Amino acid sequence: MGLNAPAHAAGYGTPTLALSASYLSGAVGASGDPVVTVTVGQSGADASALTLSASASTRASVAAPGDVSVTGTGATRQVAVAAHGRGYTDLTLKLTGLGGKSVTTTLHYAASAAVQYASDTRYLTGSSDASAAVDVGGGYAVVADDESNTLRLYDRSRSGAPVRSWDFSAQLGVSKEIDIEGAARVGDTVYWTGSLGNNKDGVYKADRNTVFTTTVTGSGASTQLTVGRSYKKLRDDLVAWDRANGDRYGFAAATAAGQAPKQVDGFNVEGLEFAPGSSTTAYIGFRAPLVPPVNGGKALVVPVTNIDKVLGSGARAVFGPGIELDLGGLSIRDLRKNAADQYLILAGSWAADDNSDPYALYSWDGVAAHAPVKLRDLPTSDPGGWEAVVDVPDLSVPGARAQLITDDGSADLYGDGTEAKDLTHPEWKKSRATWFTVTG
């Protein structure tokens, strides 16, 4: 019997199986969901002789073993999962080696529900609270988070984790969230602003009164950021300017202790972009207040005419006349322009409601006397609120497309009553990035 034993059978070691991440998220009906990289091996055997497959699922209604696909034949394999239903399941991955030896490990999988425009949607994992985005070329964008001070670099065409991330809290001298809500790029400098408002309980948090710059080097996947200067009195400057002009916008009252920021007469910044043809005047877009502060009021933009000096030397901000825009009773959730000074305004409710409130996209030329033009409504039946425009295409071309990103932090993505921002594993946290056709 010993003479008939397989040659070298006794020399095969126990197979080894290592996952790049033990947690993975997906979505029903998604295109290009995140994958997990699996490194396999077995002493005495060529990696190509090893077989990797899914052998069990704790909840087949979410994803069964047959919904797991494996690509690659060498030491590195890619595992993808096609979800059937919303929820969680533990998938058993089994590596079968030579000599009758095998090993298993568990992949913890979570699937969110199907969404509209699924084929044009990608998921940015690692955070669920996307709040602003800046294109850095090569199909990549840096995305801010309003629940942390981390900036993350993502491939805009693929679902998955950031390529790299930066947290400049220590350099900026902040210990709490800046509540980053707006960003604008000029040359290699990106300006980032906090919301400048009180927190949801009406308490002033000094770190939210922060504007700072980063310098971009490289592009695409090679993008690097270094922190520049910061300024921590823009809110104070705005209140003083409004008071000097007869309290037209009610900034002093809206920033008083006990005042929540997301009210029709509140104080909350969510957009930042440069004025047409300028690298020194920036537009601050307000989520609140509306003007007048009633349902149906206009959205407010306040120009900072010396933003370069504010961040460059700490000069007090100088403001131009407020710009009041008719967005159909909506306010500004983001403001972005292209090199031709064509603007997209992402409009949404001032309220701190769920994503059922209306959202719309408007075009604008950046001229105070000119009215924005509504391009389209945005879907509101899926989780998350529309929060960021990555960049602006040529709006004179029919069929132009723009990518928008949601803040999913308050969404119950997986049907267990847990808000996404409170999920234990970063791989399960995600924001949604969707391409929309914005011109006819």
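None of the figures in this text is laboratory data; all of them are computed from the coordinates on show. Model, not experiment: these values are computed from the prediction. Neighbour counts are summed over all protein chains in view; Cβ atoms, including those assigned to glycine, are modelled from backbone coordinates with ideal geometry.
The table for this structure:
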{"read-out": "Nearest-ten-degree value, helix 234-244 long axis tilted from longest Cα axis of the chain", "value": "20"}
{"read-out": "Residue 49/residue 69 FRET efficiency (R0 22 Å; Cβ-Cβ; nearest 0.05)", "value": "0.65"}
{"read-out": "For the stretch 114-122, 3J(HN,Hα) per residue [Karplus equation, 6.51 cos²θ - 1.76 cosθ + 1.60, θ = phi - 60°, Hz, x = Gly/Pro]", "value": "5, 10, 5, 6, 4, 5, 9, 10, 10"}
{"read-out": "Extension gain (nm, one decimal) between residue 341 and residue 37, 0.36 nm per residue minus Cα-Cα", "value": "105.2 nm"}
{"read-out": "Per-residue [θ]222 nm for the chain (sum of -39500 (n - 2.57) over DSSP H runs n ≥ 4, rounded to 500)", "value": "-1500 deg cm²/dmol"}
{"read-out": "Volume in Å³ per residue [convex hull over Cα atoms, computed for the stretch 147-300]", "value": "143"}
{"read-out": "Between the stretch 142-213 and the stretch 14-59, the Cα center-to-center distance that results, in Å", "value": "34"}
{"read-out": "GNM flexibility winner over the chain from 375, 346, 404 (Cα, springs under 10 Å)", "value": "375"}
{"read-out": "Cα-based reach from residue 176 at 14 Å (exclusive), listing aspartates and glutamates while leaving out same-chain residues under 8 positions away", "value": "145, 146, 147, 167, 207"}
{"read-out": "Whole-percent pair-distance distribution, where bins are 10 Å wide, for the alpha carbons of the stretch 2-112", "value": "15, 43, 26, 12, 4, 0"}
{"read-out": "Residue among 123, 12, 154 with the largest mean-square fluctuation in a Gaussian network model of the chain, springs linking Cα atoms under 10 Å", "value": "12"}
{"read-out": "Intensity falloff of the stretch 89-189 expressed as log10 I(q)/I(0), Debye formula with alpha-carbon point scatterers, at q = 0.24 Å⁻¹", "value": "-1.31"}
{"read-out": "Estimated dipole of the stretch 2-112 in Debye, rounded to 20 [Cβ of Lys and Arg +1, of Asp and Glu -1, Cα centre]", "value": "120"}
{"read-out": "Relative contact order of the chain, defined on C-alpha pairs under 8 angstrom at six or more residues apart (%)", "value": "13"}
{"read-out": "Rel. contact order, % - alpha carbon contacts under 8 angstrom, at least six apart, the stretch 1-158", "value": "24"}
{"read-out": "FRET efficiency, 1/(1 + (r/R0)^6) with R0 25 Å, evaluated for residue 279 and residue 396 via beta carbons", "value": "0.60"}
{"read-out": "Amide N proximity, the stretch 400-440 versus residue 377 label position 7 Å along Cα-to-Cβ, cut-off under 19 Å", "value": "436-440"}
{"read-out": "Unsatisfied cross-links (Cα-Cα over 22 Å) in the set 262/429; 233/430; 232/337; 262/421; 232/298", "value": "262/429; 233/430; 232/337; 232/298"}
{"read-out": "Most mobile of 421, 374, 200 in a GNM of the chain (Cα contacts under 10 Å)", "value": "200"}
{"read-out": "Sites residue 92 and residue 157, calculated FRET efficiency, Cβ-Cβ separation with R0 51 Å, nearest 0.05", "value": "0.95"}
{"read-out": "Alpha-carbon spread of the chain, three principal axes, descending order, Å", "value": "100, 46, 41"}
{"read-out": "Spatial extent of the stretch 297-425: Rg and Dmax, with the Cα atoms as the point set, Å", "value": "17.1, 49"}
{"read-out": "Per-peptide average of other Cβ atoms within 10 Å, ordering 51-62, 228-239 highest first", "value": "228-239, 51-62"}
